[in-house]
Structures are given as C-alpha cells and as structure tokens.
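A short write-up of the structure that comes next.
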Amino acid sequence: MSAIYRAGIVGAGQIGRAHAIGYQGVASVEVTAVTEPNERVRKEFQEKYGIPNGYADIREMLDRENLDFVSICTWHLLHEPHTLLAAEYLPKAILCEKPMTVGMASADRMIEACDARHVKLVIGHQRRYYHSWTKARELVATGAVGTPLMITGRNGEGLLNCGTHMIDAMRYILGDPATEWVMGAVERKTDRYERNVRIEDACLGLIRFEGGAQGLLQSDLTPDSWSVEDYQIRGTDGLIETNSRETRYVNGATQGWVTFDLPTEDPWILQAQDMVRWVEGGDGHRGDARQARHTVEILMAIYQSARDHEVVRIPLKEQGYPMDRMFEEGKIPVEEPGAYDIRVFLALEPDERQRYGELRGQGMRHRDIAEAMHLVK
C-alpha cells in the first residue's frame, strides 16, 4: 500500500526518533519532513530515517509542507505553542508528546484550539498499547479480582516525566475513571529541573477515583525507582501484578498465580496505527487529549495539595503550575544551591552523553553527576 498521509516531526531528539519509527511501521504514512534547529542533529536524523526535507524552523516546515500528521517532540513548555501553531495549518491530527503540558489553563487552550479547527489531538501515552496493561485492564473489567480497591506504582525521574506514565497507567488499567480527590506531598531541597521545568526531588501521591478505588504512587523515593515500572492492583477477591512485559493474577478460585504469555509489539507503531484509524472514522484513540487532561489534572493536584497541605477536590481550581507557585511563596527553599536539569544529557555531545549514562548506571544521583561534569548553573 502506498503512503497516503504525510507526517512531519518537530524535534529530532530521542522522542522524535521514536515517532519516526512509529510512523515507518505504518504503510499508509510517510515522514516527509522534520524540523530541528541543530543542523548536525537534523541532517543525521534525515539520513537515518530517510526523511527528504529538513527545516530549522517549525513555521517554515508548516508553510512548505502539506502535512496530515504533525508530531510535537519538543520539551514540555513548547508543547502548547507548537500545538497551537500546528493546529492553524489544519492537519488531520497532532501527536504531542507527554506530559501534555504544564498547567490546566494550558491544557484547555490546546484542546480548544484543536476542537475549533476539527484537528484531532493525541498525547503520547503510547504505553496504553502495552498488551500487558491491556490484559490487566480486561481482568479488572471482568471482575477477576472482585471490586478494585487499590492500585500502586513507583518510579523515578520526576513526576512530570515518568510519573505522567504512572498516573496514566493507573487510570487506563482501572478503566479510565474520573477523579474525586488527590492528596500529595513533595520534597525539594535541590534546585532540580526536568526539561527546563522546576520539579521535585521526591513525591508521594494518593488518588481517590470515582467508584472507590484508590491509587498510591511513589516517585524518586527509592534508589532503584528510576528503572522500575510495575503495578499491583488489589481487589476484594484477588491481586493483579503487571509490568511492561507480563501480567499475572490470583484470586480465590485460581489455586495460585495465573500468568499470561503476551505478544510484544512496538507501542509507537500501534499508537500511529490507531491515529490513522481514528482519522479514517474510527471511534476515538487511547491517547485522546481529553484522557491526557485527566492525567495533567492529577499531576497538578498532587503539587497543589503539597502547596496547601490539604486534600484537593476535583475539578482543580489552580490553573497554573503549583510547583512554581510554591517556590515563589518560599515554601520549598533550596538547601543545596545550583540549578541542574535531569535531562541535560539529551543536549550533550555523544561522548559526554555516554559518560553521563555510565555515571547514572553506577547509581549516582543527577545532582552529583551534573556537578562532576560542570553542568550545574
């Protein structure tokens, strides 16, 4: 089948590469253009993925290319302006990376701009296409462990980064319930950032979902949390455990664990396939921006709860970024001066990036690596 949809990628970094691979796995899509201000990175990207047209500026790409799909693979604070700009050119769909954005007002502006132009907006929560997560969702839905009571998860690298996937996973596995309230706590003693956004050193969150189930999340609270991605769902009649590879459950009738041997498919390809299906008239998309908005609201509510020291009822009233508000109010004073970004390695040259990865693999925290490599501001 010859390609009938033209895709353009904004940002030729790590996530841009994943989007390119995803599109290349769909016969009806051709990646015809990429925009990236770094000329060396842009040309290497074009050569690696066979992309004919490269631009230094997003507007120039949008002006010259008649794109059906636009992937926004830039850093968090650029998601909104790039999405709003792309929507003006009326592509069939925009695929914006996670987290959708920072703050509720920003998320609503993105949705409203795309709705007004009949542009479908997808957020890159591609892990919804893990077969293991989907099997866990099916087990919950069919009552394999009774009524769900608690889902727990832990990871690292910041709540806005990997935590976005963690919250999205909880909602997806439970069937995407609405949220009733959130309670959170954060610690921030270093001047920590993630992709130019101020973030916490560690975080804990408790979420009450409609129907009674609760979600308990830990972020950066254990030394190995940055490499962990697994969930446990406790119900009235059993337990489910799932990760990116497998799912198993036990209940009063199973006489032990039942483990599912699930196929492995590239979630980036499945995400792109589902986008094609959606624009061709199919029902919805797992990464619909309205689902991602729920995730943003929970993220912001965790921070707001820490800011106000109380339970936050949904809908969230705060429209901005509570972490910045807390900092401005002096509620999270820096005890270990020197700003650093836990994703600074993405902008390093290959040899420096390799060194950063080696030090991280030895268990060094980002703050110490940044200082050792003279990356602290």
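None of the figures in this text is laboratory data; all of them are computed from the coordinates on show. This structure is a prediction, so every number in the text was calculated from the model and none was measured. Note that we place each Cβ from the backbone using ideal geometry, even for glycine, and neighbour counts take in every protein chain shown.
Would you mind ranking 78, 67, 262 so that the residue whose beta carbon has the fewest other beta carbons within 10 Å leads the list?
Working: 78 20, 67 24, 262 16.
Lowest count first: 262, 78, 67.
What are the ³J(HN,Hα) values, in whole Hz, obtained from phi via the Karplus relation 6.51 cos²θ - 1.76 cosθ + 1.60 with θ = phi - 60°, for each residue of region 170-186 in sequence order, with x given for Gly and Pro?
Going residue by residue, I get 4, 5, 5, 5, 7, x, 6, x, 6, 9, 9, 8, 9, 10, x, 9, 10 Hz, with x marking Gly and Pro.
What number, in percent, do you get for the relative contact order of region 196-286 if the mean sequence gap of Cα pairs under 8 Å and at least 6 apart is divided by its residue count? Kindly include the intermediate steps, with their values, before the conclusion.
On the way: 85 pairs, mean separation 11.0, N = 91.
Result for region 196-286 is 12 percent.
Over the C-alpha atoms of region 130-260, what are the Rg and the largest Cα-to-Cα span, Dmax, in Å?
Just the Cα atoms of region 130-260 yield Rg and Dmax of 15.3, 51 Å.
What's the magnitude of the charge dipole for the chain around its Cα centre, counting Lys and Arg as +1 and Asp and Glu as -1 at the beta-carbon? Answer in Debye, nearest 20.
Values: 44 positive and 57 negative charges, 60 e Å.
Result for the chain is approximately 280 debye, rounded to the nearest 20.
Students often get this wrong, so try it: which of (1) 59, 52, 41; (2) 80, 42, 41; (3) 76, 59, 40 is Cα extents along the principal axes in Å as calculated from the structure shown?
Computing Cα extents along the principal axes in Å and matching it to (1) 59, 52, 41; (2) 80, 42, 41; (3) 76, 59, 40 gives (1).
Please order 298, 51 by the number of other Cβ within 10 Å, starting at the fewest.
Details: 298 27, 51 22.
Lowest count first: 51, 298.
When you take every Cα atom in region 257-377, what is the radius of gyration, and what is Dmax, the widest Cα pair distance, in Å?
Spelled out, the Cα radius of gyration and Dmax of region 257-377 are 20.8, 54 Å.
Of 165, 217, 145, which is farthest along the charge dipole of the chain in the positive direction, counting Lys and Arg as +1 and Asp and Glu as -1 at C-beta?
145
What pairs in 189/377; 189/331; 98/135 have C-alpha atoms more than 18 Å from each other? Before the final figure, lay out the partial values.
Details: 189/377 16 Å; 189/331 11 Å; 98/135 23 Å.
Too far apart for the 18 Å limit: 98/135.
Assuming R0 = 51 Å, can you tell me the calculated FRET efficiency for the pair residue 277 and residue 335, based on Cβ-Cβ distance, to the nearest 0.05? Write out the running numbers ahead of the final one.
On the way: r = 51 Å, r/R0 = 0.99.
The calculated FRET efficiency here is 0.50.
What lysines does residue 92 reach when the alpha-carbon gap must be under 21 Å and sequence neighbours fewer than 8 apart in one chain are set aside?
120
What ranking do 176, 274 get, fewest neighbouring Cβ atoms within 10 angstrom at the top? Provide the component values of the computation, followed by the final result.
Working: 176 17, 274 20.
Taking fewest neighbouring Cβ atoms as first place, the list is 176, 274.
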